[in-house]
Amino acid sequence: KNQVEQSPQSLIILEGKNCTLQCNYTVSPFSNLRWYKQDTGRGPVSLTIMTFSENTKSNGRYTATLDADTKQSSLHITASQLSDSASYICVVKAGTASKLTFGTGTRLQVTL
Amino acid sequence: ETGVTQTPRHLVMGMTNKKSLKCEQHLGHNAMYWYKQSAKKPLELMFVYNFKEQTENNSVPSRFSPECPNSSHLFLHLHTLQPEDSALYLCASSQDSSGGAHNEQFFGPGTRLTVL
């Protein structure tokens, strides 16, 4: 069964600090992995997409990594800002199938 | 804004009511999706439409009835819902439903539904 697990479930950090969110998946065969940011009361917005051959990809202060061998991905946020407070959802697509497998998300709160 | 709009943003309804959720995309996409998002649970895919044809019904109860009159509009008709149907309902669109690496799904802001 295809599954995506994220940790931690929630996280509180001080503004300016860095943090790393984890995503482990059992989706097979792997096609791609996306990280989405979902602000409260909004729909998810894609931050980055990782394909099998990519190990690292950055989008501003967001850096995603992918280890296809261990089936793990991480999202590192540098110099956090209050606006980073949101849920971060890891989504994995299998092979040629159109269906996506969603994680439950990590709820990040950045405080002063 | 993502180019996908949803109305209403909030809806409270009784179990005997009939209501409809509306989604519109301005991106020229051919695939549209309905998802259910409940607290502490992953997004659940409900329906997929590709070029106005329903290609997936993820074992959704018949009290949820989708309608896709054209590639830009998607409706979700609701009747005799249960309190456990209370959730955030998200609409999304993509170029088509093939799910390729660059076939990103763009989400609307969602409708927060409360069933009393």
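B:Arg112 exposes around 110 Å² of accessible area when a 1.4 Å probe is run over every protein chain in place. For segment B:11-71, the normalised intensity computed at q = 0.12, 0.14, 0.18 Å⁻¹ comes to -0.35, -0.47, -0.77 (log10 of I(q)/I(0), Debye sum over alpha carbons, equal scatterers, no solvent). Taking the inverse of the mean 1/r over every pair of distinct Cα atoms in the protein assembly as shown gives a Kirkwood hydrodynamic radius of 18.1 Å. For each pair in A:Lys71/B:Lys52; A:Lys17/A:Lys57; A:Lys71/B:Lys36, compute the distance between the two Cα atoms and list the pairs where it is over 32 Å. Pairs exceeding the cut-off: A:Lys71/B:Lys52.
Computed over neighbours whose Cβ is under 15 Å from that of A:Gly95, the net charge equals +4, Lys and Arg +1, Asp and Glu -1. For segment A:17-91, the dipole from Cβ point charges (+1 on Lys and Arg, -1 on Asp and Glu) about the Cα centre works out to 180 debye, to the nearest 20. Per residue of B:106-113, other chain Cβ atoms within 10 Å of the residue Cβ number 3 on average. Loop-located trypsin sites (Lys or Arg not before Pro) in segment B:1-102 (DSSP state not H, G, I, E or B) with no more than 16 neighbouring Cβ atoms inside 10 Å: B:Arg9, B:Lys40, B:Lys52, B:Arg63. Between B:Ser65, B:Ser86, B:Ser94, the GNM of chain B built on Cα springs shorter than 10 angstrom shows B:Ser65 fluctuating the most.
Close amide H contacts of B:Glu56 (hydrogens built in the peptide plane, cut-off under 5 Å, sequence separation of 5 or more or a different chain): B:Val48. With the cut-off at 1.5 for a/c, could you classify chain A from its C-alpha gyration tensor as rounded, prolate or oblate? Taking the square roots of the gyration eigenvalues as a ≥ b ≥ c, chain A is prolate.
Take each residue of peptide A:37-43, count the partner chain Cβ atoms within 10 Å of its Cβ, and average: the result is 5.
Normalised Debye scattering of chain B at q = 0.10, 0.13 Å⁻¹ gives log10 I(q)/I(0) of -0.26, -0.45, counting only Cα atoms as equal scatterers and leaving out solvent.
Can you give the local net charge around A:Val110? Use residues other than it whose beta-carbon is closer than 12 angstrom to its beta-carbon, Lys and Arg +1, Asp and Glu -1. Around A:Val110, the surrounding residues sum to +1.
The values are calculated or read from the model by the stated rules, or taken from the named source; none is laboratory data. Computed from a prediction, not measured in an experiment: that's the story for all the values here. As a convention, Cβ positions derive from the backbone with ideal geometry for all residues, glycine included, and neighbour counts pool all protein chains shown. Protein only, heavy atoms only, side chains kept; ligands, DNA and RNA dropped before computing areas. Shrake-Rupley method; radii C 1.70, N 1.55, O 1.52, S 1.80 Å.
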